[in-house]
Amino acid sequence: MDSKMFCYQCQETARNSGCTLAGVCGKSAEVSNLMDMLVWVTKGLSQVSTRLRSEGKDVGSEVNHLVTFNLFSTITNANFDDQAIYTRILLTIDMKTRLIAQLADASNLSEAALYVESDRRTIEDKARSIGVLSEKNEDIRSLKELITYGLKGVSAYSKHANVLIKDDEALDSFIQSSLAALLEKKSVDELVALTLETGKWGVTGMALLDSANTGAYGNPEITEVKLGVGKNPGILISGHDLRDLKMLLEQTQGTGVDVYTHSEMLPAHYYPAFKKYPNFVGNYGNAWWKQKQEFASFNGPILMTTNCIVAPDASYKDRIFTTGATGFPGVKHIGGDIGETKDFSQIIEMAKKCEAPTELETGKLVGGFAHNQVFALADKVVDAVKSGAIKKFVVMAGCDGRSKSRDYYTEFAKALPKDTVILTAGCAKYKYIKLNLGDIGGIPRVLDAGQCNDSYSLALIALKLKEVFALDDINELPIAYNIAWYEQKAVIVLLALLSLGVKNIHLGPTLPAFLSPNVANVLVENFGIAGISNVEDDISLLVG
C-alpha cells in the first residue's frame, strides 16, 4: 500500500521504522502532513528572521513566540486538530510575508521562505513533497531530524517560560538560525556540530524554564502527595503548564470544586505557591497512556494543558477540554494568549454538576527533590556516599508509554541493590515511584525532581556532586544513566546531557528510529550511547 505519510519522531513509531498510514499516536495522515508543512514554513520564517537579525533589525517577541508555539504544536500527542494546524500555517505565512517586506536584501531566499499559498488543497498537495523523506541522504536526514526534534523539545521549555513572561532572545535566535540552517545543504560534520550545539542551548532552555517556574512558584520542596479522593466534585488537570493550573486554582476558590493533578502535573504539588489552595487535593491516576480508563472514572471535567492527549472515548469526550498548543477535533478549546487570563468558568460550571471522582487508589507518594532541595540535603547525601550507604545513583528519567516492554523499568527498579538511589523526572517515574522501595538513612530511594521539564535539576545535581567530590570528569561520579524516552522533550534532554559531557547513557526501550546506522555509530563511538537488554545483565553492567 502506498505511503500516506511518514513520521518517526516518537518511540512508538510503527515497527520501529516509521508510521506510513496513520500515526500510532492516533494522528491522521492529513494532520501529519500538515504538521510537516507547518515545520517547513516555520523554517522559512526563521530564515527571514535570521536575515533580519543579520541586518541589525529587531525581530520581536511576537515572531519568537510564533516559532516556539508552532514547534510545540507538532510534538507527539499535543495537537490532533487539522484545522488548528492549518490556521497556524496561514499565520506563519502571513508573518513571514510581513517580515520579508522589512528586509533590505530579500535575494536568494528559499522556497520555504517565499511560499505564500493559502488554499488548503494546494497546501496539502505541497505537504507531500516537503516531508521527512524529501531528504534522500539517510545520514543527512537522520541528523536534520535529530536537530529538528531537539529544537521542538527546547521550544516546549521556552514556551512554558514565555507564558510566565520569561524570554531569552539569544535562545530564540539560535532556534531560528538552526531551523534556517536545516534548509541549506550541510555536511555530516556540520550537522553533527549543530546537533551538539542544540544540546548546549537545550541546557539554556531548561535553565530559563527553571528560573521562570521557581521565580513564580518557589523552589520545590519535599512533599507528600495524596492519592485518594474527596467527596466534592473535581476537575482533573493534565499536561505540564503550571500557569494554567494557577489560574484554575484561583477561579475554583469557593466553588465547592476540588482540583486534582494527573500524569506530568503531579510535581505541581511540590511548589510552595500551590499549597495555599485548600481545594488542591492530590494526584489522580498515572502516566498519560492510561488516561482512557482513568478519565472515564474521574467523572468530572479534564483540562489538557499540553501533550500528552490520547484520542478521547465517547464516555468522557464531552468532559475534556484543551488549551494552549493542545487540540483535538470535537473537543472544546479554551483560548488565551501569553499574558492573558484564561476563562475556565465553563469547566467549573460543568464540574459542579458531576459526581465526585471514583477512587482508584489510596495512600501517598513523596516527591519534591529538585536541585534546591537536594542541595539542602547535600551534606547528608555526601556522608551517605562516603560511608558506603549509597553506592550508586541511577538516573531513570524520561517518559512512560503503552509498550509492554516498558515493564522492564519496573523490574529494573525492583532489582536494584538496596544501596542505590533512583534520580528521576518525567512520567517514567510511574513505573516505580509507587513501589515503596524504602530509604537509605532517611533519604528516599526514589528522588523525584519533577516533570520532564525539570530534568535540568538532575544535571545540576550531578554537577554539584562533581564539585563536592572535586572530580575532573562528571563521568567519574557513581551515577549510571538508564533513561526511557518517548517524545521530543526527551530528545533535547539527551542532547543536553551529551553537551555536558555525560557518557554511557543507556536509552530504551528502543533506540530512536530516526538514528541512521552511521549516526547511531557516531553516538556509540563518541558518547557510549547504548540500548537496553535485560534487567539482570543491565544491572550487572550499570550498577555492578
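No lab work stands behind these numbers, since they all come straight from the coordinates. Here the structure is a predicted model, which is why all the values come from computation and not from measurement. Here the Cβ positions follow ideal geometry from the backbone for every residue, glycine too, while neighbour counts run over all protein chains shown.
Some notes on this structure:
- Under 5 Å from the amide H of H333 lie the amide H atoms of T322, each residue being 5 or more positions distant or on a separate chain, with H modelled from the backbone and absent for Pro and chain starts.
- Prolate/oblate/rounded label for region 479-544 (Cα gyration tensor, a/c 1.5): rounded
- Set of lysines with alpha-carbon distance to K466 below 29 Å, sequence-local pairs under 8 removed: K200, K380, K386, K391, K392, K414, K418, K429, K431, K489, K503
- Among beta bridges identified by DSSP and lying wholly in the chain, the antiparallel ones come to about 20 percent.
- For region 223-352, the equivalent ellipsoid derived from the Cα gyration tensor has semi-axes of 19, 17, 15 Å, listed largest first.
- Applying Stokes-Einstein at 4 °C and 1.567 mPa s to the Kirkwood radius of region 181-248, computed over alpha-carbon pairs, gives a translational diffusion coefficient of 79 µm² s⁻¹.
- Cα gyration tensor shape of region 252-293, rounded if a/c is under 1.5, else prolate or oblate by comparing a/b with b/c: oblate
- Rg followed by Dmax, in Å, when the chain is reduced to its Cα trace: 22.7, 69
- Converting phi to 3J(HN,Hα) with the Karplus coefficients 6.51, -1.76 and 1.60 and the offset θ = phi - 60°, region 360-377 yields 9, 7, 10, x, 7, 9, 10, x, x, 9, 6, 4, 5, 5, 5, 4, 5, 9 Hz in sequence order, with x at every glycine or proline.
- Cα lying deepest toward the dipole's positive end in region 227-352, options G330, F344, G254, charges on Cβ: G254
- Across region 14-216 the C-alpha pair distances fall into 5 Å bins from zero in the proportions 1, 7, 16, 19, 21, 18, 12, 4, 1, 0 percent.
- Straight-line cross-link partners of K185 among the lysines, defined as a Cα under 19 Å from its Cα and at least 8 positions apart when in the same chain: K43, K136, K144.
- In this structure the amide hydrogen of I479, modeled in the peptide plane, comes within under 5 Å of the amide hydrogens of F393, none closer than 5 places in sequence on its chain.
- Residues of type lysines that K246 reaches as a straight line, Cα spacing below 21 Å, ignoring anything fewer than 8 places off in the same chain: K159, K166, K226, K275, K276, K332, K342, K352
- Placing a pseudo-label 7 Å from each Cα along the Cα-to-Cβ vector at R98 and N16 gives an inter-label distance of 4.7 nm.
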